[in-house]
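Since the structure comes first, as structure tokens, the remarks are kept for the end.
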Amino acid sequence: MKKLISLLLCAVMLLGIFGAAAEDKVTYTTLYSSEVTTLNYLITSTTNEFAIAANLIDTLVEYDMYGRMQPSLATAWENSEDGLTWTFTLRQDANWVDGNDEVVAPVTANDFVAAAKYILNAQNASSTADILYGVIEGAEAYYMGTATPEEGAEPAPAMDWDTVGIKALDDYTLQYTLSHPVPYFLSMLTYVNFMPVYEPFLLEKGEGFGLATGNDTLLYCGSYYLSQFKPQEIRVLSKNEKNWDVGNVHIDEIVAKYNKEAATVSAELYLRGEVDSASLSNELTADWLADEEKAAKIHPVRYDTDYYSYFYTFNFDPQFDAIYEPDNWKIAVNNENFRWSVIAAFDRIKAKTLLDAENPDKMLYNTITPPFFCEIDGVDYVNMGDLAAWTEADCDVMNDDTIATALAFKEAAVQELTEAGATFPIKILLLYNPNASANNSDQEAQIVEQQLEGVLGTDYIDVVIEAGPSTSYLTARRTGMYGMMNCNWGPDYADPETFTDPFTAGNKYNFIDKSGNPQVEEYYALVDAAKAITNDIPARYEAFAKAEAYLIEHAFVMPFGHGSGGYTASLLDPFSGPMAPFGISTDRYKGQFKLESYMDTDAYYDAYDAYMEARDKAE
């Protein structure tokens, strides 16, 4: 009989598994190759950056290992009958500490007001301001009043802060007034734009707040504080002994060491016990699984915690160099048959084998919203309404029929594009992430090029592969310096509306609002109709499913599924940390344990079974 590993049921068993005596210091050591550009959690929406903030700053609520919402900086809350006013009672034992873990001040309601006021000042260029002003009464008008008008335009009127629905009623009572009922508002509170900031420190630091230069540009109220930060050298997150919930912090130190070759060298260092996690390529995973000793040190990745959605998208507002023929691309990309020819010729399974050679199909889904993200009465959102047909469609296998379909789209596109004045071959500028940690994106780009040109022919398309900037890769996407690109989006709250955000007007993903295509206006109308439904959740989900299906049906985006899979080399317990399909919860080390010994595949599935059993009992 296999040895059951229960990570969850009682403190005695936990100590038996993890083995560390209370007085021993537990350190989890990793490597990283991509340095953050800022520590300012009030302006960033970049994964690497808010993953750090998740551990340094607590939020009003949080999620446990089973995905259940729990009190955090707020101990209680209530909502008015009309759904517009939320009032939170804050705990009185939470404190701000500095980089030496010395208490500076208590956390109060004003800290949330100060953070919101900073985010809603357009001069601070916060990437998450739209999330706030999308739901808070008066927030958008206030934000526009702080913005610099375009040349020749009249400035928006400046508004008093009192017109914004965020108020500290007293030191420990915080109130949000919404512009409209938001069924998922509580789940939004785990994201960076609802984090607090200590206003006297913010004002003192000015433009130096959150600079990625050292650990003295922030104050901390989370489970950890930044005890060391030396760019491109080391960063150390140390347990915050002053935190209100320090008893649930089981790893004392998170040590991340910079190494630009981290993806290459981490595996060997992991085997030598010098680091506690490693990057595994597909080839390396296969080698390790064939070696009994090495196979005992890796285990499968948890798919059910990966809610980042990956999708290939086309750029409808090309801003790249003339050599790539942006004007010709704009004609082509606005043709639906052209887009469908590319999508139909794309072998997604072949591309996904780079991440999981054994089960690449498990990484695929045909929607933008991932499966198991949200449900109503046991029915998954992706199985609702018009979206159900896409979920059930067999879009994965490349065969004679799918090739014939791609060529039929090509034939129709050639006729239409020729009449529109396009010239062939159409150059497709395919950008990839050159960073070593980007999951073999260079190889994926090569597979895409070979596949598309092989099916559609080089007389029709010329896929041009280029590496994006290594230090600020997302700049290329945000400025439209690509033709086709693998993008991703992580949900910010528990509602399908969050997966419409990358495609809204003014978006910096694919710029569909600049296409001039009337189908885009139809999509926006469908989204607006779904947003307007706030008191009938099943109807709301059905409406969002209709909008999402429309976007896919007209080939504005190609779903690509999960972004991680296969096996992982890590001593971090995969079942003890926070779990939520949105916000920053899963980036937190709070609650997590470092395993005393390696977890192999059998132990992983035993632990998974024990976790599921314990979760069922907890619900």
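Read the figures in this text as sums done on the coordinates, not as results from a lab. Note that the structure is predicted; figures quoted are calculated from it, not measured. As a convention, Cβ positions derive from the backbone with ideal geometry for all residues, glycine included, and neighbour counts pool all protein chains shown.
Key figures for this structure:
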{"item": "Lysine pairs within region 305-561, Cα separation less than 15 Å, 8 or more sequence positions apart or different chains", "result": "6"}
{"item": "Contour minus Cα-Cα distance for residue 403 and residue 147 (0.36 nm per residue)", "result": "87.2 nm"}
{"item": "Anisotropy class of region 39-215 from Cα gyration tensor, a/c 1.5 cut", "result": "oblate"}
{"item": "For residue 120, distant residues with modelled amide H under 5 Å away", "result": "none"}
{"item": "(1) 3, 15, 26, 27, 20, 8, 1, 0; (2) 3, 12, 16, 19, 17, 12, 9, 7, 4, 1, 0; (3) 3, 14, 22, 25, 20, 12, 4, 1, 0, with the label sought being that of the calculated P(r) over Cα pairs in 10 Å bins from 0, in percent", "result": "(1)"}
{"item": "Percentage relative contact order, the chain, counting C-alpha pairs under 8 Å, at least six apart", "result": "21"}
{"item": "Antiparallel bridge percentage (DSSP; both residues within the chain; nearest 5)", "result": "75"}
{"item": "Region 220-258: GluC sites (Glu not before Pro) in DSSP coil with no more than 15 other Cβ atoms inside 10 Å", "result": "233, 241"}
{"item": "Relative contact order computed over region 39-215 (Cα-Cα under 8 Å; 6+ residues apart), in percent", "result": "29"}
{"item": "Gap separating the Cα centres of region 336-415 and region 303-325, nearest whole Å", "result": "16"}
{"item": "Given charges at beta-carbon only (K, R positive; D, E negative), |dipole| of the chain in Debye", "result": "940"}
{"item": "Long-range HN-HN contacts of residue 579 with modeled amide H, under 5 Å", "result": "64, 65, 66, 67"}
{"item": "Fewest-first sequence of 249, 255, 275, 104 by Cβ atoms within 10 Å of each Cβ", "result": "104, 255, 249, 275"}
{"item": "Theoretical ellipticity at 222 nm over the chain - DSSP helices of four or more residues, -39500 (n - 2.57) apiece, nearest 500", "result": "-9000 deg cm²/dmol"}
